[in-house]
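All of the numbers you see were taken from the coordinates with simple rules; none came from a lab. Predicted model, so just to flag it, every value in this text is computed and none were measured. Glycine also receives a Cβ, built like all others from the backbone with ideal geometry; neighbour counts cover every protein chain displayed.
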């Protein structure tokens, strides 16, 4: 009987600790996506700015917002509205902010494609010029010889 009581106490303690760990991990996860707005260029939960005018208030707002909003995106949206769009490190993944996710890889792919086309054209140019020299008719060769003689090239 005592063994069953010990097991039930252990299970209860584990369940309570898992819930506390969930809130702590959620705070770390969401806090890792928010930047302190004091100008120290640190994440909110890692702000080491001595006498920071914003981090204490922002951490309190984060705790309150985590309790008020069940979804992390709602918390981030609240911070965008109240502390400014630059307070959140990651842009949203819909609307016009989606361009912030799409444009860098798209620009890189476009630039790489452009470089490949230019290099391909450079490599083909000497082959095309050599083929053009062979394909000239005898009349054109006579004109070319005369042009070289007149210009002394």
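What to note about this one:
- Point-to-point label distance, residue 103-residue 149, nm (Cα→Cβ direction, 7 Å offset): 6.3
- Going from the fewest other Cβ atoms within 10 Å to the most, the residues 78, 101 appear in the order 101, 78.
- Rg/Rh for segment 21-89 (Cα atoms only, Rh after Kirkwood) is 0.93.
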